């Protein structure tokens with residue numbers, strides 16, 4: 001007698017029409033979901049016999065996959081690891097996580113260590129666009145969130161340049177002209193692409209000012225003082241786009257310090273971290289589809305592992321993102337969406 005096929009998140013998505021991200025939020029209770037939506041998903045989970053994580057038993061035939069994260073302290077990566085672990089479990093894998101700490105030398109060590117220890121494949125968030133990882137170009141690797149300039153591996157993430165471009169254009173359309181960007185150096189893939197998007201939008205509008213872009217080194221001891229000085233010096237700026245939640249935190253600290261003298265009226269950042277719900281200053285955030293990124297990354301990696309998929313970076317899978325509005329500028333209705341990124345995932349062949 002044939003064994004009954006295990007129900008996966010993809011099956012629930014096909015049954016209900018809701019995204020894997022929404023279904024994961026219902027299962028793991030990580031976000032508030034509309035009661036009607038939740039009821040439909042819970043009904044499908046029951047009807048299809050989906051086994052909740054706490055009730056699963058792992059097969060003795062499981063394999064190990066490695067996950068190399070650029071900085072495990074970042075909330076985005078923290079959530080991503082949780083999703084990768086849960087989805088990998090569904091596929092019969094267990095996960096070993098290593099943190100490169102934004103250090104290219106440690107990143108190479110992590111990858112070599114995992115390969116030596118016999119992992120079946122690796123999910124990688126590269127710390128530097130220029131890293132030479134040619135030594136593992138023939139090994140099953142899928143990049144998430146960030147990618148190398150070299151075309152070694154497949155990639156799953158969002159189009160950081162275009163997302164930032166549309167965010168900046170939307171701010172401009174709402175009368176926000178004095179917009180600054182605080183970002184990291186171009187060694188960081190996401191920061192580089194987000195800077196490109198902001199610069200293009202401001203140049204198209206004829207109001208780009210080089211002095212309104214602050215570029216800082218990742219995790220430098222002086223970043224707090226540098227950001228504080230930048231805000232105090234640029235009293236003509238009333239809107240700041242932060243290229244990461246770490247930068248956003250520093251900006252919020254300075255706003256609090258300024259008190260009644262604060263001249264910043266609008267803040268936008270990347271990654272819709274839970275703690276933003278508890279900040280007095282309303283921060284609009286670009287929300288990435290973390291569950292979908294994890295699901296597709298594991299699915300791609302499994303294909304490479306089990307089907308002898310040829311090495312190389314043939315696939316670029318670009319997913320949708322949206323603005324989670326908290327300020328009066330974006331909150332409510334269609335204003336919270338980046339329309340060009342709605343719908344199904346867009347697979348781009350390299």
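The values are calculated or read from the model by the stated rules, or taken from the named source; none is laboratory data. The structure displayed is predicted, hence computed values, not measured ones. When we count neighbours, we look across all protein chains shown, and the Cβ atoms used for this are built from the backbone with ideal geometry, even at glycine.
Okay, here's what the table says:
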| item | result |
| --- | --- |
| Which listed residue, of 187, 238, is surrounded by fewer than 18 Cβ atoms within 10 Å (Cβ to Cβ), within 26 Å of residue 104 (Cα to Cα) and either free of Cβ contacts under 8 Å to residues at least 40 places away in the same chain or outside the structural domain of residue 108 (by TED's automatic domain parsing) (or both) | 187 |
| Residue check, residue 213 within 30 Å of residue 143 (Cα to Cα) and surrounded by fewer than 22 Cβ atoms within 10 Å (Cβ to Cβ) | yes |
| Residue 197 being at pLDDT 95 or above and assigned to a loop (DSSP other than H, G, I, E, B) | no |
| Scan of region 87-118 for residues that are within 17 Å of residue 295 (Cβ to Cβ), assigned to a helix (DSSP H, G or I) and free of Cβ contacts under 8 Å to residues at least 60 places away in the same chain, ordered by number | 89 |
| Leading residue by the ranking (farthest from residue 163 (Cα to Cα)) among those in region 262-274 that are more than 16 Å from the chain's Cα centre (by Cα) and touching a residue at least 24 places away in the same chain (Cβ under 8 Å) | 263 |
| Region 49-78, residues that are touching a helix residue (DSSP H, G or I) at 6+ places or on another chain (Cβ under 8 Å), more than 24 Å from residue 272 (Cα to Cα) and at pLDDT 85 or above | 63, 65, 66 |
| Test: residue in region 166-181 that is touching a residue at least 12 places away in the same chain (Cβ under 8 Å) and either closer than 27 Å to residue 294 by Cβ or not assigned by TED's automatic domain parsing to the domain that holds residue 240 (or both) | yes |
| Of all residues making up region 274-291, the number that are touching a strand residue (DSSP E or B) at 6+ places or on another chain (Cβ under 9 Å) and either closer than 17 Å to residue 159 by Cβ or buried (at least 21 other Cβ atoms within 10 Å of the Cβ) (or both) | 8 |
| Residue ID - farthest from residue 120 (Cα to Cα), chosen from residues in region 243-301 that are in a strand (DSSP E or B) and touching a helix residue (DSSP H, G or I) at 6+ places or on another chain (Cβ under 8 Å) | 266 |
